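A.B. asks: Here it is: the structure, laid out below.
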Amino acid sequence: PPMLSIPNQLEGAYIGQDVVLECHTEAYPTSINYWTTEAGDMIVS
């Protein structure tokens, strides 16, 4: 099964401030990882 490691599970930032989110995965086949907003929009960086 896939393995997920999320070092900091709670992050905070002011509106408009940059934030770095980390998620480490181990999976076969290789996983596709991305973040989404509450509205479901993909965050592209």
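The values are calculated or read from the model by the stated rules, or taken from the named source; none is laboratory data. What you see is a predicted model; the values in this text were computed from it and never measured. Cβ placement follows ideal geometry from the backbone for every residue including glycine, while neighbour counts extend to all protein chains displayed.
A.B. asks: Could you identify the single residue in Thr37, Thr30 that is more than 14 Å from the chain's Cα centre (by Cα) and modelled with pLDDT under 95? If you could, list the steps in order and put the result at the bottom.
C.D. replies: Details: Thr37 fails: more than 14 Å from the chain's Cα centre (by Cα).
The unique qualifying residue is Thr30.
A.B. asks: From (1) part of a loop (DSSP other than H, G, I, E, B); (2) surrounded by 10 or more Cβ atoms within 10 Å (Cβ to Cβ), pick out the condition that doesn't hold for Thr25.
C.D. replies: For Thr25, the exception is condition (1).
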